[in-house]
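*Asks:* Once you've had a glance at the structure underneath, I'll fire off some questions.
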Amino acid sequence: MDWVAIVGGLIIAYLLHAIYQAWRESKAPPPEPTKWMVGDITELTLASHTGYDWSKPTLIAVKGVVYDVSKSNDQYGPGKQYNLYAGRECARALAKDSLNIEDCTDDLEGCSEEQLQRLEQRLAHIRAEYDEVGKVVPMAELSLQQLARHDGSDPALPMLLSIRGVVYDITAGKQFYGPDGIYPFAGREVARAFALISTELADCSDDLTGLGPVELDALRDWEAKFNSKYPIIGRLVKDS
């Protein structure tokens, strides 16, 4: 009988301890959300952060500085009043209190003193309310020779590839596109290879001659995938 009482007491003590621990955890403040840093970002990559892709933060840029406004998707999210600003530089639009896409630019020429003051007031609110997560940078221009240096052979350099002249940073997908990947295309222009769903290096070019609708649709699917997954950092230019 004494043994049963001891076991019962231990069980009750364990249950009371578990209830107390659960109560303490429920009273603890929630952890701070992880700050999403994008760093240097081109306008083309910024344009993919409109709130329509749930896996990406909603971003705006003001005078070249990028802010994460995801916590206010009730204002900047899809279908909301300020969604026009999402994925864009909107300094002029803020200054003019405008919802016209033509005003989504950093060009403040012609703005009145009153409009410039309005911009500074709104920018002060944005800085106080939202995290600064990056800066808008110009598109890089690379020749094929320069692109070739980003093939994964130098770990100090990001891995890049180009599709129809648009250059992507594919470092995050090096297991697929690096030297040992199924598509070892880093450092190359790959439009034809992707259109043909080819893994042959000989198909790495921008020559789409002779390709039909099926191949061109496959290429567009690849482009859509890369636009949603990898940062656009520049464009190809002809070798000088």
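The values are calculated or read from the model by the stated rules, or taken from the named source; none is laboratory data. Only a predicted model underlies this, so the values are computations on that prediction, with no experimental measurement involved. Cβ: placed from backbone, ideal geometry, glycine included. Neighbour counts: every protein chain shown. With ligands, DNA and RNA removed, areas are computed over all heavy atoms of the protein, side chains included. Shrake-Rupley method; radii C 1.70, N 1.55, O 1.52, S 1.80 Å.
*Asks:* For segment 148-240, state which GluC sites (Glu not before Pro) are in a DSSP loop and have at most 11 other beta carbons lying within 10 Å of their beta carbon. Let's see the in-between values first.
*Replies:* Values: sites: 189, 200, 215, 223; in loops: 200.
Passing sites in segment 148-240 are 200.
*Asks:* Quote to one decimal, in nm, the extra length available between residue 214 and residue 116 on full extension: 0.36 nm per residue of separation minus the C-alpha distance between them.
*Replies:* Details: separation 98, 0.36 × 98 = 35.28 nm, distance 5.12 nm.
Gain on extension, residue 214 to residue 116, equals 30.2 nm.
*Asks:* Would you list which aspartates and glutamates come within 12 Å of residue 174, measuring only between C-alpha atoms, while excluding same-chain residues fewer than 8 positions from it?
*Replies:* Leaving aside aspartates and glutamates fewer than 8 places away in the same chain, those within reach of residue 174 are 151.
*Asks:* What's the longest uninterrupted piece of the chain once you rule out the chymotrypsin sites (Phe, Trp or Tyr not before Pro) that are loop residues per DSSP with at most 15 other Cβ within 10 Å? Don't skip to the end; give the middle numbers.
*Replies:* Values: sites that count: 36, 52, 54.
It runs 55-240.
*Asks:* Among the lysines, which have Cα under 20 Å from the Cα of residue 135 when same-chain residues fewer than 8 positions away are ignored?
*Replies:* Here the lysines satisfying the reach criterion relative to residue 135 are 35, 56, 63, 71, 229.
*Asks:* Of all the accessible heavy-atom surface of the chain, with the other protein chains kept in place and a 1.4 Å probe, what percent is carbon and sulfur? Intermediate results must be reported in sequence, preceding the final value.
*Replies:* Numbers: 8010 of 14640 Å².
Carbon and sulfur together cover 55 percent of it.
*Asks:* To continue, here is another question. Could you compute the net charge surrounding residue 191? Neighbours are other residues with a C-beta less than 12 Å from the C-beta of residue 191; K and R count +1, D and E count -1.
*Replies:* Values: positive: 164, 188, 192, 220; negative: 189, 203, 206, 207, 215, 223.
Surrounding charge for residue 191 is -2.
*Asks:* How much length is gained on full extension from residue 72 to residue 239, taking 0.36 nm per residue of separation minus their Cα-Cα distance?
*Replies:* Details: separation 167, 0.36 × 167 = 60.12 nm, distance 4.51 nm.
Gain on extension, residue 72 to residue 239, equals 55.6 nm.
*Asks:* Add -39500 (n - 2.57) for each DSSP H run of 4 or more in the chain, then divide by its residues: what number comes out at 222 nm, to the nearest 500 deg cm²/dmol?
*Replies:* On the way: 9 runs with 88 residues, N = 240.
Taken over the chain, the calculation gives -10500 deg cm²/dmol.
*Asks:* For segment 44-136, build the charge dipole from Cβ charges (+1 Lys, Arg; -1 Asp, Glu) around the Cα centre, then report which of 51, 66, 83 sits farthest towards its positive end.
*Replies:* Value: 51.
*Asks:* Can you list the GluC sites (Glu not before Pro) in segment 99-132 that are in a DSSP coil and have 14 or fewer other beta carbons within 10 angstrom? Kindly include the intermediate steps, with their values, before the conclusion.
*Replies:* Details: sites: 102, 109, 113, 114, 120, 129, 132; in loops: 109.
In loop regions of segment 99-132 (DSSP not H, G, I, E or B), the sparsely surrounded GluC sites (Glu not before Pro) are 109.
*Asks:* In debye, nearest 20, what is the charge dipole magnitude of the chain about its Cα centre with +1 on Lys and Arg Cβ and -1 on Asp and Glu Cβ, if you could check? Don't jump to the answer; show the numbers that get you there.
*Replies:* Details: 24 positive and 36 negative charges, 115 e Å.
Dipole size: approximately 560 debye.
*Asks:* For segment 154-240, build the charge dipole from Cβ charges (+1 Lys, Arg; -1 Asp, Glu) around the Cα centre, then report which of 204, 182, 161 sits farthest towards its positive end.
*Replies:* 161
*Asks:* Consider the candidate values (i) 71, 17, 10; (ii) 44, 33, 16; (iii) 33, 22, 18; state which one is semi-axes √(5λ) of the Cα gyration tensor in Å computed from the structure displayed.
*Replies:* Answer label, from the structure shown: (ii).
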